[in-house]
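Peer 1: Got a structure here, written out as structure tokens. Questions coming.
The values are calculated or read from the model by the stated rules, or taken from the named source; none is laboratory data. Being a predicted model, the structure only gives us computed values, none of them experimental. Please note: Cβ atoms are built from the backbone with ideal geometry, for glycine as well, and neighbour counts cover all protein chains shown. Calculation scope for accessible area: heavy atoms of the full protein, side chains included, ligands and nucleic acids excluded. Shrake-Rupley method; radii C 1.70, N 1.55, O 1.52, S 1.80 Å.
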Amino acid sequence: MKRYFIADLHLTTERPDITRAFLHFIKNTANDADELYLLGDIFEAWIGDDGGIPAYQSVIDALQSASLTTALYFQHGNRDFLVGDAFSTATNCTLLAPKHIVNLPTGDALLMHGDQLCTDDVEYQAFRSMVRNPEWQTDFLNKPINERLHIARQMREASKKKGAEKSNDIMDVNPNSVRQALVDAQVELVIHGHTHRPAVHHNQIKADVGTRIVLGDWDKKLWYLVSDHQALTLIDEPIHPTDPTTLGT
């Protein structure tokens with residue numbers, strides 16, 4: 001069983017190089033995957049399936065094609081929390097809960113987008129609770145697409161402005177929240193994205209116990225985690241601006 005994990009691509013029409021890199025990744029790099037896990041913020045913004053699917057048709061088609069040989073799983077991020085059943089149907093992708101346990105050869109692992117662990121950012125957590133509320137989502141999805149696009153742009157700009165004003169510590173995970181998440185899930189490994197700080201952290205529960213693997217965002221590089229019968233390997237490769245055929249060479 002070979003599994004791939006990715007997060008934080010932030011696909012947008014403003015970065016066609018990242019879309020090309022993802023399409024190449026799906027068709028070539030991960031074409032031997034038994035399972036592919038998309039752990040949130042795959043899209044920079046998702047205003048609902050009715051607007052998102054047509055806007056990202058090449059990505060939808062690539063995922064649907066990949067699903068013929070690879071089981072696909074999608075976990076919502078803070079940018080694409082409105083991905084819904086129509087997306088799932090169009091891509092043959094299973095939507096995961098915000099916390100999901102997967103059995104790996106190295107042991108059970110907790111999968112999360114990771115924003116839930118940034119509990120020092122009280123302002124963001126309040127915002128997260130608001131937009132994850134079903135009533136808020138229903139009201140938003142009932143608005144015209146153009147209005148939703150306008151609101152999404154405003155929210156992104158506000159997020160960038162507030163992020164620039166916050167310290168790095170506040171925007172990173174809280175160690176106690178990580179420890180509690182692992183203890184509650186009764187596992188010793190958590191895999192997440194969101195923070196854009198790819199690394200492997202040990203001693204997350206206590207000395208010599210508990211590991212946290214952070215997936216990187218796709219910007220100058222693409223990042224992915226590979227799980228096979230031998231190990232867990234966090235890999236980065238360059239994103240070439242114009243020629244995706246050179247990826248991985």
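Peer 1: Hey, among the residues in the stretch 41-59 that are acidic (Asp, Glu) and within 16 Å of the chain's Cα centre (by Cα), which one's nearest to LEU111 (Cα to Cα)?
Peer 2: The qualifying residue nearest to LEU111 (Cα to Cα) is ASP41.
Peer 1: Next up: Would you mind telling me which numbered condition in (1) outside any loop (DSSP other than H, G, I, E, B); (2) open to solvent by 20 Å² or more (accessible area, probe 1.4 Å) THR13 fails?
Peer 2: That leaves (1) as the condition not met.
Peer 1: Tell me, please, whether a residue that is open to solvent by less than 30 Å² (accessible area, probe 1.4 Å), closer than 21 Å to HIS113 by Cα and assigned to a strand (DSSP E or B) can be found in the stretch 45-55.
Peer 2: No: zero hits.
Peer 1: Now a separate question. Among the residues of the stretch 159-194, write down those that are in a helix (DSSP H, G or I) and either touching a Gly at 6+ places or on another chain (Cβ under 9 Å) or modelled with pLDDT of 90 or more (or both).
Peer 2: MET171, PRO175, ASN176, SER177, VAL178, ARG179, GLN180, ALA181, LEU182, VAL183, ASP184, ALA185
Peer 1: Still on this structure, please answer the following. Give me the residue from the stretch 72-131 that is in a helix (DSSP H, G or I) and among the β-branched types (Val, Ile, Thr) and, out of that set, surrounded by the most Cβ atoms within 10 Å (Cβ to Cβ).
Peer 2: THR91
Peer 1: So which of GLU165, GLU147 is free of Cβ contacts under 8 Å to residues at least 40 places away in the same chain and over 20 Å from GLU44 (Cα atoms)?
Peer 2: It is GLU165.
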